[in-house]
Structure formats: structure tokens, C-alpha cells
1. Could you tell me which of the residues 21, 3 is in contact with a strand residue (DSSP E or B) (Cβ under 7 Å, 6 or more places away or on another chain), free of Cβ contacts under 8 Å to residues at least 40 places away in the same chain and either on the phi > 0 side of the Ramachandran plot or part of a loop (DSSP other than H, G, I, E, B) (or both)?
2. Could you pull out the residue among 133, 111 that is part of a loop (DSSP other than H, G, I, E, B), touching a helix residue (DSSP H, G or I) at 6+ places or on another chain (Cβ under 7 Å) and under 30 Å from residue 12 (Cβ atoms)?
3. Can residue 97 be described as more than 30 Å from residue 58 (Cβ to Cβ), buried (at least 16 other Cβ atoms within 10 Å of the Cβ) and touching a strand residue (DSSP E or B) at 6+ places or on another chain (Cβ under 9 Å)?
4. Within segment 64-77, which residues are assigned to a strand (DSSP E or B) and within 16 Å of ligand 2 (Cβ to nearest atom)?
5. Quick one: is residue 28 surrounded by fewer than 16 Cβ atoms within 10 Å (Cβ to Cβ), within 11 Å of ligand 2 (Cβ to nearest atom) and either at pLDDT below 95 or within 11 Å of the chain's Cα centre (by Cα) (or both)?
6. Give all pairs with beta carbons closer than 6 Å in which a residue from segment 34-54 that is touching a residue at least 60 places away in the same chain (Cβ under 8 Å) meets a residue that is in a helix (DSSP H, G or I) and surrounded by fewer than 15 Cβ atoms within 10 Å (Cβ to Cβ); count only pairs at least 6 apart in sequence or on separate chains.
7. Within segment 78-88, is even one residue away from ligand 1 (no atom under 16 Å from the Cβ) and part of a loop (DSSP other than H, G, I, E, B)?
8. Suppose we filter segment 114-143 for residues that are under 17 Å from the mean Cα position of the chain (by Cα) and surrounded by fewer than 12 Cβ atoms within 10 Å (Cβ to Cβ); how many remain?
Ligand SMILES: [Zn+2]
Ligand SMILES: [Zn+2]
């Protein structure tokens, strides 16, 4: 997704603008952590630079320590509890947008499907889109898979 993006929470108290900047392509994550955190079958993530985000409204956060030891902090609306973005302490300066909060969320097309090992059995990733059993093993592999789109 290119250009300036806008979005917000369910109740409208939180709004954000993500200016054109450093951003990866969106991907779907079918890991069991995402299933539990979203209460759904998978989540849509898009990595971006926090410096590109302007967000207003009442925010609160929740944290979880991942098996790797890195702390993941999710930020959302304090009123309706919709989740907007998550930060991983191992990746300072960056965050992962929850793409369903975008005003134009219908334009989000996952460039890859991760953790299909634990996907719900009724989900069939589209043909021609990379689907990994787990997730990329290195930063170089992440960039090759969902790195910034070239214009
Ligand atoms: Zn809200
Ligand atoms: Zn996940």
C-alpha cells in the first residue's frame, strides 16, 4: 500500500495518519499468538516506521513476553479496545500495523501468509502467494519476502 494512509479504532475516538515513509508490504499471520490476541483466525500486519505515524485519542497498551524473551506491546483504543499497532522491543523504532483498522482496509492484500502450520483448516491461502510453515529466519529473508515495495 502506498501513499498516505488513514485509519482508526472501532468507536472513532482514536484516529491516525501514516505518512508515506518506510513501510513493508502487508502479510497475514496465522500463528496461535495472533489468533489468541485478535480473537480471530489470523491477523494482518504491516511493518512501518513509528516516526511516520501520527495518532490521536485515548490509547492504552497491553504487553506479552514472547518465548524469545522480547516484549511485545500492543497499543489500541482505551475506550473500545480495538488494537491499532504492536511494537517488539527487539525492533525499536518500528511497529506493526493491524491493517483492519485502515479506512481502506479492503485494499490490503497480503503479500505472504506466515505460520500456515497453525492456520485454521478451512483457510486456503491463494495460489501464487508465498505461504510459509513458520516465519522467515533472518532479517534478509523478511526483507526478501515482504520488504518495501519498489516504485
Ligand atoms: Zn475506540
Ligand atoms: Zn502471528
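1. Answer to the check: 21.
2. 111
3. no
4. Across segment 64-77, the qualifying residues are 64, 65, 71, 72, 73, 74.
5. No, not satisfied.
6. Between residues of segment 34-54 that are touching a residue at least 60 places away in the same chain (Cβ under 8 Å) and residues that are in a helix (DSSP H, G or I) and surrounded by fewer than 15 Cβ atoms within 10 Å (Cβ to Cβ), there is no close pair.
7. Looking for residues that are away from ligand 1 (no atom under 16 Å from the Cβ) and part of a loop (DSSP other than H, G, I, E, B), one finds none in segment 78-88, hence no.
8. So the count comes out to 2.
The values are calculated or read from the model by the stated rules, or taken from the named source; none is laboratory data. Keep in mind that this is a model prediction, so the values were computed, not measured. Because the Cβ atoms are built from the backbone with ideal geometry, glycine has one as well, and the counts that use them run over all protein chains shown.
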